[in-house]
1. List the equivalent ellipsoid semi-axes of the range 20-78 in whole Å, largest first, each obtained as the square root of 5λ for an eigenvalue λ of the Cα gyration tensor.
2. Please work out the FRET efficiency for the pair LEU89 and HIS22, using the Cβ-Cβ distance as r and a Förster radius of 25 Å; give the result to the nearest 0.05.
3. Evaluate the distance, in nm, between pseudo-label points positioned 7 Å from the Cα of ILE37 and of TRP108 along their respective Cα→Cβ axes.
Amino acid sequence: MNAASHGAAPDGHDTHAHEAPHGSLPGYLIGFFLSVILTAIPFWLVMAHVFKSPTLTAFIVMGFAGVQIVVHMIYFLHMTPQAEGGWNLLALIFTLVLVTIALSGSLWVMDHLNVNMMPTSATTAGGMDMGSPASAQDSRTMP
């Protein structure tokens, strides 16, 4: 085996092109502090009951989680459009589309199964609602 077959030039230097960005201490520190801030703010929102609506709080916390995922991908995983010719980012987008389709489809199917298959406790097998006053009157007036 010669040196050229292993990616080394005849003078001993590595000829592999490293396109992916490598992290630096300032980059890691920025990512760390952004992660701490993006964790502390939702924690404070939940613990201090800043919003009266739990649903609004949950959506805001999920928004912060999405931003934190992006921070981790950029500062720690170095997933930028320039990294590896954009293939990492393209694979990530494809994965997110597939996960979104699978999750939304699963939730849709479970919701329809719940609506169409689960009887309520007030409904009888005959389809008559025994809990309403109208059905009680109908049963009293029948011969």
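1. 28, 11, 4
2. 0.90
3. Computed distance between label sites ILE37 and TRP108 equals 3.9 nm.
Coordinate-derived values only; no laboratory data. Small disclaimer: the values here were computed from a predicted structure and weren't measured. Don't worry about glycine lacking a Cβ; one is built from the backbone with ideal geometry, like all the others, and counts go over all protein chains shown.
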